[in-house]
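In what follows, a single structure is set out as structure tokens and then discussed.
Computed from the coordinates by the stated procedures, all read-outs in this text should not be read as laboratory data. Since the structure is predicted, the reported quantities are computational estimates derived from the model, not experimental observations. Virtual Cβ from ideal backbone geometry, glycine too; neighbours counted across all protein chains shown.
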């Protein structure tokens, strides 16, 4: 068994979990936030500060941040691959590194104006994609994000090893609407079993059970039942002595400090 002093998790915990939410849906405000509050847990909510009335629309998220949750940067335009077929004017294949950086920096300026009390936040790649261009012109924009944020969340199968993971493209497990509470608890259990950082990525939630599995469930096609999320939160609260549950920015800062200490 690994020596727990070799890992950065505080209070004797064996691993950590971050609960992250994309796109700032109303169901996150109505369902996820109250459940998190009931179990004294904090999450990370990645939002898009877009539209002429963005300040007015995002006022509820200021309250979320002041309650201790992280409100993260998810760009303004949420540009993804043309392969999704959404018909948007801009796609990752058609833009440059300069254009994506302009979008990200403006989103950050708006979030700083909305929540000056939260000066540092993390980033989330829209659609988990971290490139611009295609074929011979395709380039990663991870280095762009690394200039502006302490960490960024992507997608991947393996939980994050605190010493080895790239903090600017963190692995995350995408939560599908058909998943049960037991499924989610099983994912969370990976953290203490492997002494790693498990990040879960949620989208919408719903009060009623999902109608079942389908191909779109891994993205936006199916909302997670509130009871499944509640079961996960109850599990995390019950295992506080083993699993540290914290926002992405909090865990990333802990790992950065721990890595620096190990180098000195």
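Summary table below
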read-out: Projected-area mean, region 61-163, by convex hull of Cα positions, square nanometres; value: 8.0 nm²
read-out: Region 42-191: relative contact order as a whole-number percent, Cα under 8 Å and 6+ apart; value: 19 percent
read-out: Mean separation of Cα contacts under 8 Å (6+ apart) over length of the chain, as relative contact order %; value: 27 percent
read-out: Cα-based shape type of region 41-84, given that a ≥ b ≥ c are square roots of the gyration tensor eigenvalues and the cut on a/c is 1.5; value: oblate
read-out: Rg(Cα) / (2.2 N^0.38 Å) computed for region 77-132, rounded to two decimals; value: 1.26
read-out: Exposure proxy ranking, count of Cβ atoms within 10 Å, fewest first, for 197, 54, 86; value: 86, 54, 197
read-out: Likely footprinting exposure, 256, 35, 79, fewest C-beta neighbours within 10 Å first; value: 256, 35, 79
read-out: Region 45-95-region 150-174 distance, computed between alpha-carbon centres (Å); value: 21 Å
read-out: Inter-centroid distance (Cα atoms) of region 11-41 relative to region 100-143, Å; value: 22 Å
read-out: Overall Cα dimensions of region 1-143 - principal axes, largest extent first, Å; value: 48, 44, 27
read-out: Tail weight of P(r) past 13 Å, computed on alpha-carbon pairs of region 148-192, percent; value: 60 percent
read-out: Cα-derived Rg over Rh, computed across region 14-263 with Rh taken as Kirkwood radius; value: 0.95
